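Okay, structure first, notes after.
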Amino acid sequence: MITRQDLGSLFSAQLEQIRDQRLRDKVIDVYVDACEQGGWNNLDELKDIPFTLLTDCRGINFVEHTIAVTEGAVALARAQMETYSELPYEIDMDRLVAGGLLHDVGKLLEIERDGEGGYRKSHAGKCARHPISGAILAAMAGLPGELVNTIGCHAKEGDGRPQVIETVLIHQADFATFNPLVMMTRGTLIQ
């Protein structure tokens, strides 16, 4: 069983960036629930899950991807806050970090072991993609609608939908980590 302490240590550098202790606790609560529902029993299992089934991950796992997206979104926000003479919108950094950590939490329900050393889409994943299941997990944990928006709208489900600024930043960081791998697989990434 994956504990709150396990998850707190796994994402410690990111969780420490969330000033609101209650929000930090709820992020961990959502992860504990997702791990339990998805049948993930230890951190080694989490570190072995590919971050996507849609392309060759080239060894990048779910945990690494989650951290890269979180830190990438934070860097995008900081670049704007430190460069623009006047930021035209407010960026909630607690919400941004929490959203980065949770953007793919639904994948813990969407992906399962295939019994042959690999992974496949689970029945739950066939019923609802990870943005939907992740948004449901967040809503059930009592997270604010803005975070539900970030999780539910960070991928194609959010195309053309109203989004908070944190969703936009996480979307950009997410696709900056995904698209190059797809392009490599297709032979369209110039190297």
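The values are calculated or read from the model by the stated rules, or taken from the named source; none is laboratory data. For clarity, every value in this text was computed on a predicted model and none was experimentally measured. In this analysis, Cβ positions are derived from the backbone assuming ideal geometry, glycine residues included, and neighbour counts consider all displayed protein chains.
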Selection over the range 102-132 where residues are closer than 22 Å to Thr150 by Cα and surrounded by 14 or more Cβ atoms within 10 Å (Cβ to Cβ) yields a count of 17
Hits in the range 25-51 (condition: touching a residue at least 60 places away in the same chain (Cβ under 8 Å), buried (at least 20 other Cβ atoms within 10 Å of the Cβ) and closer than 17 Å to Arg95 by Cβ):
Lys26, Val27, Val30, Tyr31
Would you be able to say whether some residue in the range 150-162 is of a type in the set (S, T, N, Q) and more than 12 Å from the chain's Cα centre (by Cα)?
no
Taking Glu110 and the conditions (1) under 22 Å from Val32 (Cβ atoms); (2) in contact (Cβ under 8 Å) with a residue 60 or more places away in the chain, which numbered condition does it fall short on, given that it satisfies the others?
(2)
Please count how many residues of the range 121-151 are free of Cβ contacts under 8 Å to residues at least 60 places away in the same chain and more than 18 Å from Gly38 (Cβ to Cβ).
7
What are the residues in the range 52-69 that are crowded, with 21+ Cβ neighbours inside 10 Å and either among the acidic types (Asp, Glu) or farther than 20 Å from Lys156 by Cβ (or both), if any?
none
For the range 71-93, check the following and say yes or no: at least one residue is in contact with a Cys (Cβ under 8 Å, 6 or more places away or on another chain) and either over 28 Å from Pro144 (Cα atoms) or at pLDDT below 95 (or both).
no
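Do we have Gly99 as surrounded by 16 or more Cβ atoms within 10 Å (Cβ to Cβ), in contact with a Ser or Thr (Cβ under 9 Å, 6 or more places away or on another chain) and free of Cβ contacts under 8 Å to residues at least 24 places away in the same chain here?
When the stated conditions are applied, Gly99 does not pass them.
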